[in-house]
Structures are given as C-alpha cells and as structure tokens.
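Reviewing the structure listed below.
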Amino acid sequence: MRRLLVVLLCAAAAAIFGADGLSDAAPASTPERLPLAYTGSARQLVTVVGASPSATTAVLTAWQKSGNRWVRALGPYPAFVGADGIGRASESTSHTPAGVFTLTEAFGIQPSNGTRLPYRQVGRSDWWVSDVRSPFYNQHHSCAPGTCPFDESAGEDLGEAGPVYDHATVIDYNRNPVVPGAGSAFFLHVSAGRPTAGCVSLAGTDLDAVMRWLDPAARPVIAIGLESTENRGSA
C-alpha cells in the first residue's frame, strides 16, 4: 500500500511540475516561441540573439520546423559574436552582421565532423579573400602562399588559423550578390574564448552538434539579431 501511495504521489507531482522537469530532457518535443522573427521557408533555423547592440556574447539555439510550429532541437548554447557586437557589417568594423542568411557549406582543418553540408578540408593553400579589389572577394580561393592573385594581407589563410577553424560553417552574408567592402569571411566556428572579428563562435562540442544536425534538404538558415522587449523572458 505504501509503495502504491508513493507511485500515486510521484504521478501527481509529474502532472503538476512535468513541464519544467522535462524542458531540458526533451528540448525538441515542445513548441516554443522563436526569439527572432522568421517567416521564410527553411525547416531548420539557427538563432543567435544578443542582449544589446554592443554585447559581445549571445545565445545560440537550433530550431526544427514540425508541421506549422518550431521546436527547439539543440541549445541554448553560449556564443561569442564580434568585438563591436551585432549590427551593420563592413571591412572597417568587427560587427557580426544582423539578418537572416543561408548555411550551405562547411570547411575545417580537421576531417569532417559528420556534417551533412558539403565539406572542404583546408590547408595552407586555402584562402578566404577579403581584398575588396579582387574579383574573388568574399570567396574561397586556392593558391600557394606568395602566388595568390589578390592581396594576401587582406585575406585569411584558412589552414593557418589554428583550432578555431578545426570545423566551421560558412554564413552566407554578402555572397549573392557580393558588395565589395560590405564585409567578408563570416563563419560559425570554434570559440577561442573571446569576442571575434565578426564571426559567431561556439565551444567545439556544441559546434559539432549543430553541424551534424544541419540538413541541406531542410534549407537551413541562421538568424542573427537583438533580443526584443516583447520576447524578453519568453522561450
């Protein structure tokens, strides 16, 4: 009888407090309110939300469309953004660009972490071009150091970046069309434990989880913006 009473009390407690108790255990089971507005056709969405324009930290959450509603798939994870916060990006600032951008390709110094996105393993001959005078601006280009057809000082030698580029996903900001000077080389990459030059960075294990979750068939996008008053305090 005592055992039956304990079972009944536990069942009652679960009925009353179950919503809070299960929120972390089953993040993808409960529809929630998106922290940033999104009305596009993607079925996978990554949100990166800063608390203010000058904040250099943010919260990253991955969302999956289920029917007509969004459910949390991964996160929330702590992230770093640009040293100038989230805002209007350019070659002269360290802003992380605000807006919604596709996620279509990935790269890394290390072999693929299992991402389903097209993946390029990079070395010392792999660059991301930031020379505003180059026709390769804001594109990947392969050339041996010292032989490149652009100003190598205005570019990133991806293979020399170290652990931050062990794995990375390209954020498709300013890629179609490309506007010279509007900013280049924005990635979702491994955190160095400090604000970035404009990228979004995560702990390596968190990044791996997000990259493995991304599915090209779901047309994934990343939405980057600031926390709104109406969303403050809501999921």
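Each value in this text was obtained by applying a stated rule to the coordinates, not by laboratory testing. Predicted model only: the values in this text are computed from it and were never measured. All Cβ positions, glycine included, derive from the backbone under ideal geometry; neighbour counts span all protein chains shown.
Listing for the model above:
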{"read-out": "Within the stretch 137-235, GluC sites (Glu not before Pro) in DSSP loop having at most 12 other beta-carbon neighbours inside 10 Å", "value": "Glu230"}
{"read-out": "Extended-chain gain in nm, criterion 0.36 nm per residue less alpha-carbon gap, Ser41 and Asn68", "value": "8.6 nm"}
{"read-out": "Qualifying trypsin sites (Lys or Arg not before Pro) in the stretch 149-235, DSSP loop, other Cβ atoms within 10 Å at most 12", "value": "Arg232"}
{"read-out": "Convex hull of Cα atoms in the stretch 96-235, direction-averaged projection (nm²)", "value": "9.4"}
{"read-out": "Alpha carbon centroid spacing (whole Å) that separates the stretch 87-149 from the stretch 150-184", "value": "3"}
